[in-house]
Amino acid sequence: MMKGRVEMGERAAWCHRLGFLFWICRLISHLTFVLERLIHIELADLVSTCAYLEPNWPNNGAAPSVPSATPSKSNKPCPDCGSLHKEIFEFRRWNEGEPNEGMEWERIVRPVVQRWGMFVDIYV
């Protein structure tokens, strides 16, 4: 309904900068997508190999063996929002009594995200 009713004014002195800002916004959104993809690739590798269950992980250089551990499937509602969340990665949990029990986020996921964040800060 408004087509043809709004007259475009003259170009301002800094109008050419808007195209540059648009390009920067697209670049940042693309870098965010790439960063998220790299994080997902590393987490998928950790889930498939269960390397984090090795006693001296992350400082071991040997190929990981798949130890026996309990799967992390949980049908409990989220304590924060009350809904059931479908997890992208299902990590095997550390066994009860181990020092890392219940610390999957702190010991596995957060370091991966922080490493890739530092990589972007340093090299991008």
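Some points to look at:
- For segment 19-123, the square roots of the Cα gyration tensor eigenvalues, ordered a ≥ b ≥ c, give a/c of at least 1.5 with a/b no greater than b/c, which places it in the oblate category.
- ³J(HN,Hα), Karplus 6.51/-1.76/1.60, whole Hz, each residue of segment 112-124, x for Gly, Pro: 5, 5, 5, 4, 5, x, 5, 4, 5, 4, 7, 9, 10
Where a number appears in this text, it was derived from the coordinates with a stated rule and is not lab data. What you see is a predicted model, and the numbers here were worked out from it, not measured in a lab.
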